[in-house]
Amino acid sequence: MDIPENARAVLETLETAGHEAWCVGGCVRDALLDGGRLPGRTPEDWDVTTSALPEETLALFGPRGSPTGLKHGTVTVKTPGGPVEVTTYRVDGAYLNHRRPESVTFTRSIEEDLGRRDFTVNAMALNLRGELRDPFGGRGDLERGILRCVGDPDRRFQEDALRILRGLRFSAVLGLEIEKGTAEAVRRNREGLRDIAPERIQVEFFKLLPGKRAAEVLRGWPEVFGVFWPELLAMVGFDQRNRHHCHDVWEHTLHALDAVPGDLVLRCTMLLHDVGKPACFTLDEAGVGHFYGHPAVSRALADGMLRRLRCAAGFRETVVRLVEWHDRDIPRTDKSIRRALRILGEEDLRRLILVKRADNLGQAPAFRDRQRELDRAEEILDRLLAEDTCFSLRQLAVNGRDLLALGLSGPAVGAALEALLEKVVDGALPNKREALLEALKKDTERV
Ligand code: ATP
Ligand code: MG
């Protein structure tokens, strides 16, 4: 297991000054996964834990250290290879309302520090000499693919309910099986998540969704996710009564979610694309179920759900637009692809194709033939982009200055540009400067 140079240098500086220093937590876990039976992950950041007090760490690193979380004993050290977080060994103060404590106490014992950590696989430390401190059997659990709380799971989840979601996150991302006692405590203590700030829920939930076993974890624990997103629960077991579907709404959702790549926008879109279905359900005389208008209702619900988790506006808007568009006809012509490009842009149109593929793959086998139509749409899209087809104002052969020169001003300029773009996108005009100016002149003469 190789500690990267930047973390190594920090450990050396601390040790040379007579302190103990270890890499700890996620980086040790991920490094152990490398070469293990589970697919390895390259640790993102290497956190360091030390017996040095924060002021001692600050004094050692001089201007390279900054007190980023002094209250919790954290100093961030700048290194050529990126920042390294150095935190003093600590035990947490009293927990209130299932939340992380405001105050902490420093300790001189690495074992005590490891004991406050959430899961055995996250409670290991590694030093410069390759010595592993693993008082709770994290390495064995990792080898057997098991996620287990450090200590009594009920107590640990009552202290900080976010650990419930972190546990499901590690299961989804690392493929760990949740040990029985821990699993039962997850179920018993889930209501504690109500006391957790939505921003913190968002962080863990959005790390979970791209996980390779996200669908499986969602399937196993809907009532946990239902604590912050109760809208999901209406989908569980909701019979669609329609031959297009062999699954209930929730199962269909999970199959569709599994069929998109592990990208947060796509996973979030699939999770929410049919969330409005239960509210839109109608049964016709033949006893067939319909969900007229469900994309708009899904969009509205999704918007509220994402706002509640305090998602960034740009992310939310992308997701809800894909949700709204998921059920539209697949564009089949140059013109309809250009129109879709104009509204969505290339990135979101490509996403929409993936969304529609996945949605179709989640339907009854007899109706999964939409894939060929989607291949076709993708071919047209690739060709149009290779031809540098015009679908945005930026690409239009005339610009605002040309229109000002023709005597237009104010909002009329923008409106005229949009009108020209629409004609070009629809194929009514070529994207040629002369032709566009000619058309404009005719228009202005008419006015
Ligand atoms: P990632 O790979 O996403 O960074 P991580 O395990 O490093 O995963 P962090 O949130 O970076 O997760 O936390 C670093 C370490 O701090 C964890 O490995 C764990 O030991 C400890 N930890 C973090 N959050 C909690 C918590 N809520 N309760 C107890 N220990 C925690
Ligand atoms: Mg980490």
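Bear in mind that the values in this text are calculations on the coordinates, not laboratory data. It should be emphasised that the depicted structure is a prediction, and the values quoted were computed from it without experimental measurement. For neighbour counting, all protein chains shown are included, and Cβ atoms are generated from backbone atoms with ideal geometry for every residue, glycine included.
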Label point distance in nm, VAL91-LYS71, each placed 7 Å from Cα along Cα→Cβ
2.2
Modelling each spin label as a point 7 Å along the Cα-to-Cβ direction, I'd like the ALA405/VAL236 distance in nm, to one decimal.
6.5
Cα-only Rg/Rh for segment 350-429 with Kirkwood Rh rounds to 1.22
Stretched fully, the stretch from ARG368 through GLU12 gains (0.36 nm per residue minus C-alpha distance, one decimal, in nm) 122.3 nm
Taking N as the residue count of segment 102-163, its alpha carbon Rg divided by 2.2 N^0.38 Å gives 1.18
Rounded Å value of the spacing that divides the Cα centres of segment 404-447 and segment 218-246
50
If we sort 135-148, 392-405, 258-271 on the protection proxy, mean other Cβ atoms within 10 Å, highest first, what's the order?
258-271, 135-148, 392-405
Where Cα atoms sit under 25 Å apart: lysine pairs in the chain separated by 8 or more or lying on different chains
14
Taking r as the C-beta separation of ASP284 and ARG307 and R0 as 35 Å, the FRET efficiency to the nearest 0.05 is 0.50
Cα Rg, Dmax, segment 305-346, angstrom units:
13.0, 39
Once fully extended, how much extra length lies between ARG129 and ASP426, figured as 0.36 nm per residue of separation less the alpha-carbon to alpha-carbon distance?
100.2 nm
Let me spell out the model: positive unit charges on the Cβ of Lys and Arg, negative unit charges on the Cβ of Asp and Glu, origin at the Cα centre of segment 45-147. What dipole size does that give, in debye rounded to 20?
140
Compute the FRET efficiency between ARG187 and TYR292 as 1/(1 + (r/R0)^6), taking r as their Cβ-Cβ distance and R0 = 22 Å, and round to the nearest 0.05.
0.05
Once you have all Cα-Cα distances for segment 145-197, histogram them in 5 Å bins from zero and send the whole-percent values.
5, 24, 34, 23, 12, 2, 0
Quick one: compute a quarter of the convex hull surface over the Cα atoms of the chain and quote it in nm².
28.6
Please list, by residue number, everything in segment 405-419 whose backbone N is under 15 Å from a paramagnetic label point 7 Å out along Cα→Cβ of LYS441.
405-408
State, in angstrom, two size descriptors of segment 1-121 derived from its alpha carbons: Rg to one decimal place and Dmax to the nearest whole number.
14.6, 42
Ratio of Rg to Rh for segment 190-294, alpha carbon only, Kirkwood?
1.01
What nm value, rounded to one decimal, do you get for the distance between THR79 and GLU102 when each label is placed 7 Å out toward the C-beta?
3.5
Take the alpha-carbon centre of segment 79-135, take the same for segment 270-314, and report the distance between them in whole Å.
42
Length added when fully stretched, ARG155-ILE343, from 0.36 nm per residue minus Cα-Cα:
62.6 nm
Give a residue-ordered list of calculated ³J(HN,Hα) values for segment 371-376 (Karplus: 6.51 cos²θ - 1.76 cosθ + 1.60, θ = phi - 60°; whole Hz; x for Gly, Pro).
4, 5, 5, 6, 4, 4
Based solely on its DSSP helices, what 222 nm [θ] is calculated for the chain when runs of n ≥ 4 H residues each add -39,500 (n - 2.57) and the sum is averaged over all residues, nearest 500 deg cm²/dmol?
-15500 deg cm²/dmol
